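Here the structure comes first, spelled out in structure tokens, and everything after it is commentary.
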Amino acid sequence: MPLVAIVGRPNVGKSTFFNRLTEERHSIVHNEPGVTRDRIYGHVEWGGRVFSIVDTGGFVPNSADRFEAAIREQVHLAIQEADLILFVNDVTTGVTDLDQEMASVLRKSDRPVLVVGNKADNDERRWDAHSLYELGFDHVYALSSINGMGTGDLLDAVNKLLPESEPEVEDSRTRIAIIGRPNVGKSSLTNALLGTERSIVTEISGTTRDSVDSVMKYHGQEVVLVDTAGLRKRAKVKENVEFYAYLRTERAIETCDVAVLMLDATEPLESQDIKVLAQAEQMKKGLVVAINKWDLIEKNTNSVLEYEAMVKDRLRTLDYVPIVTISAFTKQRVHKLLDKVLHVEKERHKRISTSELNEFLATVVERHAPPLYRNQRVKIKFVTQVRTAPPVFNFFTNYAKGVAESYQRYLENQLRIWYSFEGVPIKMVFKQK
């Protein structure tokens, strides 16, 4: 996907603008300058096109403050990665020295730049946006991030300037993203599967800064392994190259078929692990958990079951994700892991006939009917599978909003009991009929 970067000095409303475009509240909005320190990523859909967008911290040149220095480097990285720049300014203050410094940086970048005159909430402020032409760019768009006025014209211009997406080449190979915290053994697993030192392996966490694709043949089938940089907790990401690594890992998840979350058997499961897995689930990727370094822990006859129970208890709604214990160092069960990944990918492509599904629906509804909605009986009339990879099921009912979340979980659990879908996120859509 093309990437658009939002840049500008502190407190011009970049995060509010980002939230307006993505229609979600990913970025923290506060009147105090410097709140956005990390780069925040999202997606924008407009005019039939989808592109990625990144929100950066406020640019302050030549500052000795370590956070402002880090933000400055982040902005430079975002500019290097982007296909187009949205340079946000505040029409209520006009052009400042910081804006001129930012403009100087952008003119050297050879990226197309659109100047955004933010906070243009009325006609007078929209006229004030003309002063922004002195920054030296051809296109200025006055808008209000608060009420959305003017954003449509800007997005039309963005669509015209973004490079055309290359036509997708049909690739039947399964893409496997190996994700997880630094130093859990992701590169070691890749090397164990490939039988070569494809990735650099050291005891220093964070060695892998980029995503590295490797192709291997397994039982005559080609698969693509994506060894990604380790995901730290955001508060612990200090080096700017790790911000770049974070983006590449997100993109690796976005483009894979199955994500393998690696955990360290010698360390407890952390909330960051769950967030990463949830992110892959949200993108509807196949999911597998690999418990690495299993050779380093003391075991009894129930060790595997106890560890699996602990992980599944923490994962809760992700308890359909298979768990495989491995040792990348000794290569113990690494091929069993690959077998499980390919099984999950096969499950993603599973299609259930409409007749089977409606037999399933009649049985589970008879066993447990939906709760009443506004004192009215909810009837689910029929169900059909409309796509695979990921599986999507349309349920037709007399009250689409009346199917309670708890009943939706019941239906999903029953779908898994009847048809498995191991490691596969399921999407259920309820339509009024």
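The values are calculated or read from the model by the stated rules, or taken from the named source; none is laboratory data. These numbers come from a predicted model, not from an experiment. Don't worry about glycine lacking a Cβ; one is built from the backbone with ideal geometry, like all the others, and counts go over all protein chains shown. These accessible areas exclude ligands, DNA and RNA; they are computed on the full protein's heavy atoms, side chains included. Shrake-Rupley method; radii C 1.70, N 1.55, O 1.52, S 1.80 Å.
Taking strands (runs of 3 or more DSSP E) that fall entirely within segment 126-242, which contain at least 2 residues that are open to solvent by 20 Å² or more (accessible area, probe 1.4 Å) and either at pLDDT 60 or above or over 30 Å from Gly47 (Cβ atoms) (or both)?
The qualifying strands (runs of 3 or more DSSP E) are 140-142, 212-218, 221-227.
Please enumerate the residues belonging to segment 112-138 that are touching a residue at least 40 places away in the same chain (Cβ under 8 Å) and over 18 Å from Arg9 (Cα atoms). Once the filter is applied, which keeps residues that are touching a residue at least 40 places away in the same chain (Cβ under 8 Å) and over 18 Å from Arg9 (Cα atoms), segment 112-138 yields only Pro112. Within segment 40-65, residues that are at pLDDT below 85 reach partners that are of a type in the set (A, V, I, L, M) and assigned to a loop (DSSP other than H, G, I, E, B) with beta carbons closer than 8 Å, at six or more positions or on different chains, in the pairs His43/Met1; Val54/Ala82; Gly58/Val12. Scanning segment 331-370 for residues that are at positive phi and out of contact with any helix residue (DSSP H, G or I) (no Cβ under 6 Å at 6 or more places or on another chain) yields one hit, Arg333. Considering segment 323-350, the residues that are assigned to a loop (DSSP other than H, G, I, E, B) and in contact (Cβ under 8 Å) with a residue 40 or more places away in the chain include one that is surrounded by the most Cβ atoms within 10 Å (Cβ to Cβ), namely Ala328. Looking only at residues in segment 1-39 that are touching a strand residue (DSSP E or B) at 6+ places or on another chain (Cβ under 8 Å) and open to solvent by 50 Å² or more (accessible area, probe 1.4 Å), the one that is modelled with the highest pLDDT is Asn11. Just a yes or no: is a residue in segment 97-107 surrounded by fewer than 23 Cβ atoms within 10 Å (Cβ to Cβ), of a type in the set (Gly, Ala, Ser), over 28 Å from the mean Cα position of the chain (by Cα) and modelled with pLDDT of 80 or more? Looking through segment 97-107, at least one residue is surrounded by fewer than 23 Cβ atoms within 10 Å (Cβ to Cβ), of a type in the set (Gly, Ala, Ser), over 28 Å from the mean Cα position of the chain (by Cα) and modelled with pLDDT of 80 or more. Condition (residue is in a strand (DSSP E or B) and either open to solvent by less than 10 Å² (accessible area, probe 1.4 Å) or more than 18 Å from Glu281 (Cα to Cα) (or both)) applied to segment 359-378: is it met by at least one residue? Yes, some residue in segment 359-378 is in a strand (DSSP E or B) and either open to solvent by less than 10 Å² (accessible area, probe 1.4 Å) or more than 18 Å from Glu281 (Cα to Cα) (or both).
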